[in-house]
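Take a look at the structure set out below.
The values are calculated or read from the model by the stated rules, or taken from the named source; none is laboratory data. On a predicted model such as this, the values are computed, not experimentally measured, just so you know. FYI the Cβ positions are ideal-geometry reconstructions off the backbone, even for glycines, and counts take in every protein chain you see.
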Amino acid sequence: MAKNEKILEAPRVDGFKIFVKLKGNFKEIETKIKRLSFTEVVPEKNGINATYIESRDINKNPYSFAIIKFGKTSIELLFTITPGLSPKKRKIDMVRFMLNVLTTLGSTYEVEPPVLYQLMDAALKDMNDYLGMDYQKLYSTYDTVKKDYTSLVIRLKRLGAEIDSIKRENYALKTKNEELAIKLEELETVSDETLKEKVQVWISEHGGEINITEFSRFYKVPENRIEKALNLLVREGFIQPTQ
């Protein structure tokens with residue numbers, strides 16, 4: 001068997017029997033039921049067996065099917081219930097199938113009215129249970145979905161409020177950052193007079209020399225401003241240019 005071959009779960013088997021009186025003969029039954037597309041009709045000594053195959057498995061074996069045993073005093077219907085299929089719904093379908101068979105046979109069999117009443121009553125009860133079960137399941141699902149929806153709406157409102165709060169906080173932080181940036185720029189901006197004084201102090205502390213790049217990095221002042229300050233100090237006679 002291939003590793004990936006899916007193994008079908010075996011179906012359950014159920015059935016029911018109704019009591020009748022044979023008024024015709026089995027040959028007549030065989031002729032009439034062939035109109036119902038039975039896959040196989042097998043005459044026996046005291047009856048006829050007819051098989052109706054609805055589906056087969058991967059190996060072509062019957063999987064969903066029904067077998068009707070026609071006798072002189074009874075008709076028995078055996079059928080499979082595949083996994084995942086409601087047993088009550090399956091039985092309702094099989095009762096309908098049996099009624100179609102009886103209609104096709106016509107006067108070949110005599111069926112007492114109480115027998116049909118009992119069959120129909122059982123089918124109606126199964127139908128009521130099946131529909132009731134589906135309704136309860138549907139309502140339960142609806143109730144669960146409704147609760148989930150309500151919960152999601154509440155969470156969405158909370159998230160919306162939190163997002164609005166975060167937006168306000170972000171705006172406040174942005175404004176604060178801009179204010180701090182302006183103050184920092186003001187603090188870092190050195191006036192021309194202050195810059196000349198710092199240049200003079202630097203030259204005095206560094207043996208009469210100045211490294212413009214190092215000074216620029218230390219005081220965060222553009223190099224062109226430092227060069228301009230040096231030229232002014234030379235012209236004003238505060239420092240002497242190196243030869």
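Taken as a whole, the structure leaves Ile92 outside the set of residues that are within 25 Å of Asp126 (Cβ to Cβ), aliphatic (A, V, I, L, M) and at pLDDT 85 or above. For region 73-110: of the residues being surrounded by fewer than 14 Cβ atoms within 10 Å (Cβ to Cβ) and either within 20 Å of Leu22 (Cβ to Cβ) or not assigned by TED's automatic domain parsing to the domain that holds Tyr52 (or both), which is nearest to the chain's Cα centre (by Cα)? Ranking the qualifying residues of region 73-110, first place goes to Asn100.
Looking at Phe38, is it in contact with a Ser or Thr (Cβ under 7 Å, 6 or more places away or on another chain), surrounded by 12 or more Cβ atoms within 10 Å (Cβ to Cβ) and without any contact (Cβ under 8 Å) to a residue 60 or more places away in the chain? Against the criterion (in contact with a Ser or Thr (Cβ under 7 Å, 6 or more places away or on another chain), surrounded by 12 or more Cβ atoms within 10 Å (Cβ to Cβ) and without any contact (Cβ under 8 Å) to a residue 60 or more places away in the chain), Phe38 qualifies. Within region 1-16, if we keep just the residues that are at pLDDT 85 or above and loosely packed, with under 13 Cβ neighbours inside 10 Å, the residue that is nearest to Ser74 (Cα to Cα) turns out to be Val13.
Going by the structure shown, is Phe97 assigned to a strand (DSSP E or B) and closer than 17 Å to Val13 by Cα? Considered against the rule, which asks whether it is assigned to a strand (DSSP E or B) and closer than 17 Å to Val13 by Cα, Phe97 comes out as no. Being within 16 Å of Lys69 (Cβ to Cβ) and among the aliphatic types (A, V, I, L, M) is the filter here; which residues of region 6-40 pass it? The answer is Val13, Ile18, Val20, Leu22, Ile29, Ile33, Leu36. A Cβ distance below 7 Å, combined with a sequence gap of six or more or placement on separate chains, defines the contacts here; from region 112-123, residues that are touching a residue at least 24 places away in the same chain (Cβ under 8 Å) reach residues that are surrounded by 12 or more Cβ atoms within 10 Å (Cβ to Cβ) and part of a helix (DSSP H, G or I) in the pairs Leu119/Val95; Ala123/Ile92; Ala123/Val95.
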